[in-house]
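Structure, as structure tokens:
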């Protein structure tokens, strides 16, 4: 194959990963008996990340490989779409992290993450290769949130995970039971699965909305076990 071939970078990387083209520096860094196989895995992951920068990292090995390829997740400004990539991540933690960002609260290191969010040291150790803690001195520019207590059906239908049936259920439950006081309250009353909640985090909040004040607020008793999931954002 002549030098300067017409292949685009993705095709070239794929041929390199499968051994049809000479490897570059990533392969050169691999050592030992399993060096070739690890280099292939790095190349394939690099190719996938080039095609999809938000590619999920399902386990510790993929996190370590992503870190070797230069992937970083800035704890103090990462959007929900980046947090969802990490293995073992829960939507509740993503919500807390985004709330801290909106408040301008800076997290300095892994130990502070553990203290503020209650994440296990084992899981934090799994994520640590890609975590960075940059200090900017100002809150990141986050997208506006949809008020689940005031949005109409059209606005709600634009949110991920809310199909026509779920939007209709949400509107009925909001009319019947009053405002949703937190995302936990929303999940419980609509019986939404965790993957749907993970997709909604960072897109909506439980504000005051125009719901009639005389409607019962049975769902609004604060859950002392989840103090950070407040109605206000």
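Descriptive notes on the structure:
- You will find that of 121, 87, the residue that is modelled with pLDDT of 90 or more, over 23 Å from residue 193 (Cβ atoms) and in contact with a helix residue (DSSP H, G or I) (Cβ under 9 Å, 6 or more places away or on another chain) is 121 and no other.
- Taken over region 100-113, the criterion of being surrounded by fewer than 18 Cβ atoms within 10 Å (Cβ to Cβ) and closer than 25 Å to residue 195 by Cβ is satisfied by 102 alone.
- Region 85-99 - residue that is assigned to a helix (DSSP H, G or I) and without any contact (Cβ under 8 Å) to a residue 40 or more places away in the chain and, of those, surrounded by the most Cβ atoms within 10 Å (Cβ to Cβ): 97
- Residue, farthest from the chain's Cα centre (by Cα), within region 64-84, restricted to residues that are closer than 24 Å to residue 200 by Cα and not in a loop (DSSP other than H, G, I, E, B): 74
- Test: residue 126 is surrounded by 12 or more Cβ atoms within 10 Å (Cβ to Cβ), within 22 Å of the chain's Cα centre (by Cα) and either in a strand (DSSP E or B) or at pLDDT 95 or above (or both): yes
- Just one residue in the set 139, 143 is at pLDDT below 95, assigned to a loop (DSSP other than H, G, I, E, B) and exposed (fewer than 14 other Cβ atoms within 10 Å of the Cβ); that residue is 143.
- Selection from region 195-205 of residues that are in contact with a helix residue (DSSP H, G or I) (Cβ under 6 Å, 6 or more places away or on another chain) and in a helix (DSSP H, G or I): 197, 198
- Pairs where the first residue, in region 153-176, is at positive phi and the second is surrounded by 14 or more Cβ atoms within 10 Å (Cβ to Cβ), C-beta under 6 Å, 6+ apart: 161/196; 161/199; 161/200
The values are calculated or read from the model by the stated rules, or taken from the named source; none is laboratory data. The shown structure was predicted, so the numbers you read here are calculated from the model rather than taken from an experiment. As a convention, Cβ positions derive from the backbone with ideal geometry for all residues, glycine included, and neighbour counts pool all protein chains shown.
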